[in-house]
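Structure, as structure tokens:
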Protein chains: 2
Amino acid sequence: MKLREFAQQLGLSPTTVSRALSGYPEVSEKTRKRVAEEATRLGYRPNINAVRLATGRAGAIGVVMGRSGEFHFSEFMGGLAERLGTEDIDILVSPMDDKNPTGEIQLYSRLAVSGRVDAVIVHSPEPNDERIALLHKLGMPFLVHGRSDIDVPHAWLDIDNEGAIRRATSHLIDLGHRRIAMINGRQGRTFSLHRDKGYRDALQARGLPFDPRLVAHGNFTDELGFRFARSFLEQTPRPTAFVAGSMMTALGIYRAARSMGLEIGREVSVIAHDDVFPYLTAENMVPSLSATRSSMRAAGARSADLVLQLLSGRPTEEVHELWPVELILRESTAPPPEGA
Amino acid sequence: MKLREFAQQLGLSPTTVSRALSGYPEVSEKTRKRVAEEATRLGYRPNINAVRLATGRAGAIGVVMGRSGEFHFSEFMGGLAERLGTEDIDILVSPMDDKNPTGEIQLYSRLAVSGRVDAVIVHSPEPNDERIALLHKLGMPFLVHGRSDIDVPHAWLDIDNEGAIRRATSHLIDLGHRRIAMINGRQGRTFSLHRDKGYRDALQARGLPFDPRLVAHGNFTDELGFRFARSFLEQTPRPTAFVAGSMMTALGIYRAARSMGLEIGREVSVIAHDDVFPYLTAENMVPSLSATRSSMRAAGARSADLVLQLLSGRPTEEVHELWPVELILRESTAPPPEGA
DNA sequence: GCATTAATTTAAAACGGTTTGGTAAAATTC
DNA sequence: GAATTTTACCAAACCGTTTTAAATTAATGC
């Protein structure tokens, strides 16, 4: 059913009906109510594409999805979706071929120019992120999940990675650990750099030396967690504790320790970062995993909020949030064994 | 830049330019080429929303995302995105409040009516799935990832869950297991039913009794894997083998066995279904996990293909694919211990 | 070289809403 | 009670394409 017919049935003009449904003030309360009721009764819904054309708004926000296995992606999306469910705004997922970095910029610029989305969410930014520069130049509203040092104003939502890892590392030092290994995220991402910094600062604060042989970077997979942990544990003297970037990494570390007959929570301590997944919880690991924790789903939901704020005119410079991160101590952390 | 201006610059009518760009035959090769060149040179791109309104096509396919933790979701999406990256088609993710089942039907009907998407992908169908009936009634093209027994024609892509689990179970029986527990997916989903059937048929074929106390249903989480495995293992006599629905479930089973001092691959055998994740691999578990395996990402990519076929007119009845599932034997399966 | 057919191109009508700029009726002011 | 403002509604223009139906130009047949 079209607006025309619907309006006719009500004995009103299309104009009035359109306004009534969009909640404009210049239509009487009585009429508005009648229109709303009849709309649901007769099942009238404005054609979304006509609305989009007329208003110039796309009614969607874009998320670019990398190919590599990002298991936290669906949690973030879930949060986003949860919040956006009540608005009439869609989430548009664009695939990105991350083997081809030029393609990424093209993709963003296509996304921006094409008018498919009103705003974009940028993930895992780098300190000098081309995408941010591009989106700013194109005037496309965007929110960065994470942060960038780039000299371009950008709205962002980030967790305090640096503080979290500093606390985690400090705690391990407090327990008496002296050789603490760090399995971090992908090289070059801001969040990895922040975590590196938290780690180094904690060491430095206690006068412990920084040993590059105890730090590794890579995707958050069980596989890499295992491989790095294994190679670290083969060093002599071996590290007595690990700071890890993700739950999957922690699984790999647990596996590596077991494979070498080392007991987690006694001979090797582990603290990992937990994005809070419904299907794999730090609490339930054996031994239960000490973790820095921040809900990815909550970040998704809040990101939706912030994007909506941007779209309704809140100035970019005002929109940034740095979330504190909990440190939850469980059984995987303990003082190092005597003599280690 | 609008079509009007662009056409004017070329000294052509909007009609001709539009046709040239869409590849219609009634425009000369020479003109077409010129138009294409100038379009890239001047950076003309048709306004997507105008196109959508005029053509009635949305240029997007919809995916409904449940709230509960579905870790395979991002793999499926990744595959979808990978394939759709080359087309000019978007993926629209709609949030679903799965606490409110009525909401789901409303959501689908909104999605269908609103004209936001040209087709929809339905996940985890039930044998008599309301969504399928609805989409059929509304005339919205859709692909079911999975299958349904409903008496409504529907295109689908599914893996041979029944066969996979039958083989897995049979293999365990061949090894000598007699008490085999099954931790399946959510009650009522077609795939769970198929797996149940595969399991029961395998038992029956060898004259083994079906014991409902050895079967559990639930979400694919480490937590449930642990709880169910634990309660099964506390029975006397305890099961000597498990068939599990997911990698996370398998993690839970491993944990449960360990917590009871039982050695996987010796005292307890495990076969799980593996959707193939880059961040957690069956091969790498300790002991390595025997698995029925089928790539979720490949299913996503192929689903995109099939949806495109549907949209280009291939009849629904022709579109269904049943994928065979590999059974990969690793260290987690062995004959039961003597006397068990 | 003219009639006929085929190949190109075009003007104008959708597509289905929103928004601008008014107008008539009702409410308020003086 | 006339003048003014406010309220409630409407006709028509517009958003930027595609597509239908018709017009023009080029090619072919004889």
About the Cα centre of the protein assembly as shown, what is the dipole size in debye to 20, counting +1 per Lys and Arg Cβ and -1 per Asp and Glu Cβ, all else neutral?
780 debye
Top positive-direction residue, dipole computed over the range A:223-276 with Cβ charges, set A:Leu262, A:Ala241, A:Gly252:
A:Leu262
List every residue whose amide H lies under 5 Å from the amide H of A:Val268, counting only residues 5 or more places away in sequence or on a different chain, with H placed 1.01 Å from N in the peptide plane.
A:Glu263
Please report, in debye to the nearest 20, how large the charge dipole of the range B:1-121 is about its Cα centre when each Lys and Arg carries +1 at its beta carbon and each Asp and Glu carries -1 there.
640 debye
Which of B:Phe220, B:Phe142, B:Phe277 has the fewest Cβ neighbours within 10 Å, and the rest in rising order:
B:Phe277, B:Phe142, B:Phe220
Residues meeting the amide H criterion for B:Ile328 (H placed from the backbone, H to H distance under 5 Å, 5 or more places apart or on another chain) are B:Ala291, B:Thr292, B:Arg293
Where is the GNM fluctuation largest for chain A (alpha-carbon springs, 10 angstrom cutoff): A:Gly313, A:Gly300, A:Gly43?
A:Gly43
For the range B:72-163, with the dipole built from +1 on Lys and Arg beta-carbon atoms and -1 on Asp and Glu ones, taken about the Cα centre, which of B:Gln106, B:Asn128, B:Ser74 lies farthest toward the positive end?
B:Gln106
Based solely on its DSSP helices, what 222 nm [θ] is calculated for chain A when runs of n ≥ 4 H residues each add -39,500 (n - 2.57) and the sum is averaged over all residues, nearest 500 deg cm²/dmol?
-13500 deg cm²/dmol
For B:Arg266, label point 7 Å along C-beta direction: distances to other copies, nm
1.8
What are the label-to-label distances in nm, one decimal and shortest first, from B:Lys33 to the same spot in the other copies, with labels 7 Å along Cα to Cβ?
6.9
Given label points at 7 Å from Cα along Cα→Cβ, what nm distances, shortest first, separate A:Asp149 from the same residue in every other copy?
6.3
Label points 7 Å out from Cα along the Cβ direction at B:Ala54 and B:Glu317: separation in nm?
3.7 nm
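Each value in this text was obtained by applying a stated rule to the coordinates, not by laboratory testing. Quick caveat, the model's predicted, so the values are computed rather than measured. Heads up, the Cβs are rebuilt from the backbone with ideal geometry, glycines too, and the neighbour counts pull from every protein chain shown.
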